[in-house]
Amino acid sequence: MHRLLLRLLLPPPVLLLLLGAALGPPGSAGLEPISTGIAIGAASALTGYLSSPRFYCAFVECCPGEEERPNSTVLRQNLDNKLFGQHLAKDVILKAVTGFVNNPNPKKPLALSLHGWAGTGKNFVSQIVAENIHKAGLKSKYVHLFLSTLHFPHDHQIAMYKEQLQKWIRGNVSACAKSVFIFDEMDKLHPGLIDAIKPFLDYYEQIDGVSYRRAIFIFLSNAGGDLITRVTLDFWHNGRDREEIQLKDLEPVLSVGVFNNKNSGLWHSSLIDRNLIDYFVPFLPLEYKHVKMCIRAEIVSRGNPVDESVVQKVADEMTFFPKDERIYSTKGCKTVQTKLDLVDI
Ligand SMILES: *[C@@H]1O[C@H](CO)[C@@H](O)[C@H](O)[C@H]1NC(C)=O
Ligand SMILES: *[C@@H]1O[C@H](CO)[C@@H](O)[C@H](O)[C@H]1NC(C)=O
């Protein structure tokens with residue numbers, strides 16, 4: 001206020017003189033045009049930096065820009081290090097996600113439907129994909145996780161849920177084109193609810209001014225787990241390597257099976273009808289050796305050295321099926337953490 005007043009009252013040369021007196025004796029280096037210039041330059045550079053997205057986004061999470069590409073090497077490393085016994089899922093996810101994020105002009109959002117028994121790694125993979133797009137992963141404000149039993153529990157409110165879901169997706173994609181939506185427990189979702197999001201998954205350039213083509217939708221479901229197990233077991237009985245199983249052995253079975261399964265969340269869904277799901281990703285049942293890999297990874301992530309006798313002990317606590325052959329872990333790697341807590345190292 002005071003300075004402003006001075007500036008209004010005094011002619012500029014007097015002001016400069018006064019300023020000079022304040023900064024140092026006249027004629028000293030204090031107020032040479034060069035140093036003033038540097039000071040002003042530095043100040044404006046600082047202001048520029050402070051208001052730049054780069055500075056701002058170091059503290060506040062920002063929606064990734066159009067040009068930002070997630071690092072696919074990191075995605076591959078994470079899948080290699082954290083996902084066990086899932087050669088198909090690893091392959092499909094890596095290709096699908098890398099291809100999608102590097103496509104300069106996708107024609108529709110990416111829609112992945114992950115299938116398999118509990119504990120086979122579906123949640124894990126959706127988490128890894130989310131982290132690849134948004135560093136904060138599931139904690140990111142641009143990653144949205146819907147649990148059927150939590151968000152859509154009552155069948156009689158389905159009409160309201162549909163409306164709400166559309167509003168959420170529209171709102172979130174308007175705020176960030178690269179939003180990620182994960183629908184867990186699809187098998188417990190009311191049949192029909194998921195069709196509410198069909199318009200967003202379709203090949204439209206935009207709807208009411210919003211483009212959904214950069215968004216990612218991931219559906220998780222136990223449905224189809226039985227079909228996957230049957231095929232995997234057939235390979236085993238025929239003495240063939242499980243790594244020989246190819247996507248074409250499973251994907252068609254899956255899409256048809258899920259479409260015809262009343263409890264899949266995708267029963268007679270127009271998403272399948274209209275081919276709006278880009279990939280059906282099978283998660284195979286896990287064998288004893290894969291469970292051991294999960295246990296080792298869990299021990300390492302807790303910062304402990306791997307003790308094989310502990311690994312063995314925890315693995316032996318798990319139950320396996322089919323009853324007489326005992327090949328596959330009933331709960332995959334799901335209970336590894338709690339079992340490890342019990343064995344205690
Ligand atoms: C991706 O990540 C890898 C491994 O962390 C790193 O070596 C590489 O430089 C990264 N690439 C880019 C483009 O940032
Ligand atoms: C985004 O989605 C969340 C649910 O995950 C919802 O609570 C929120 O209201 C949505 N935001 C907008 C702007 O619609």
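The values are calculated or read from the model by the stated rules, or taken from the named source; none is laboratory data. Remember, predicted model here, so these are calculated numbers, not experimental data. As a convention, Cβ positions derive from the backbone with ideal geometry for all residues, glycine included, and neighbour counts pool all protein chains shown. Just so you know, the surface numbers come from the protein's heavy atoms only, side chains and all, with ligands and any DNA or RNA stripped out. Shrake-Rupley method; radii C 1.70, N 1.55, O 1.52, S 1.80 Å.
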(request) Kindly list, by first and then second residue, each pair from a residue in region 148-169 that is surrounded by 15 or more Cβ atoms within 10 Å (Cβ to Cβ) to a residue that is assigned to a helix (DSSP H, G or I) and of a type in the set (D, E, K, R), limited to pairs with Cβ atoms under 6 Å and residues at least 6 apart or on different chains. (result) Ser148/Lys188
(message) I need a count of the residues in region 181-205 that are within 11 Å of ligand 2 (Cβ to nearest atom) and among the aliphatic types (A, V, I, L, M).
(response) 1
(request) Report, by residue number, each residue of region 203-218 that is within 22 Å of the chain's Cα centre (by Cα) and part of a strand (DSSP E or B). (result) Val210, Ile216, Phe217, Ile218
(message) Only one of Gly65, Gly85 is on the phi < 0 side of the Ramachandran plot and more than 12 Å from ligand 1 (Cβ to nearest atom). Can you tell me which?
(response) Gly65
(request) Considering only region 228-263, state which residues are in contact (Cβ under 8 Å) with a residue 24 or more places away in the chain, more than 18 Å from Lys90 (Cβ to Cβ) and either touching a strand residue (DSSP E or B) at 6+ places or on another chain (Cβ under 6 Å) or open to solvent by 70 Å² or more (accessible area, probe 1.4 Å) (or both). (result) Trp236, Ser255, Lys262, Asn263
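Going by what's in this entry, would Asn78 be described as more than 15 Å from the chain's Cα centre (by Cα) and not charged (D, E, K, R)? Walk me through it before giving the result.
Numbers: more than 15 Å from the chain's Cα centre (by Cα): no; not charged (D, E, K, R): yes.
No; evaluated as a whole, the condition is false for this residue.
Give the residue, chosen from Ser148, Ser140, Ser113, Ser72, that is hydroxyl-bearing (Ser, Thr, Tyr) and within 16 Å of ligand 1 (Cβ to nearest atom). First the steps, then the outcome.
On the way: Ser148 fails: within 16 Å of ligand 1 (Cβ to nearest atom); Ser140 fails: within 16 Å of ligand 1 (Cβ to nearest atom); Ser113 fails: within 16 Å of ligand 1 (Cβ to nearest atom).
It is Ser72.
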(message) Filter region 298-332 down to the residues that are within 30 Å of Leu227 (Cβ to Cβ) and open to solvent by less than 40 Å² (accessible area, probe 1.4 Å) and list them by number.
(response) Glu298, Val314, Ala315, Met318, Phe320, Pro322, Ile327, Tyr328, Ser329, Gly332
(request) Can you tell me which residue among Val336, Val311, Val291, Val306 is touching an Asp or Glu at 6+ places or on another chain (Cβ under 9 Å), of a type in the set (Val, Ile, Thr) and under 27 Å from Asp241 (Cβ atoms)? (result) Val336
(message) Against the definition (open to solvent by less than 10 Å² (accessible area, probe 1.4 Å), within 10 Å of ligand 2 (Cβ to nearest atom) and not hydrophobic (A, V, I, L, M, F, W, C)), how does Ser126 come out, yes or no?
(response) no
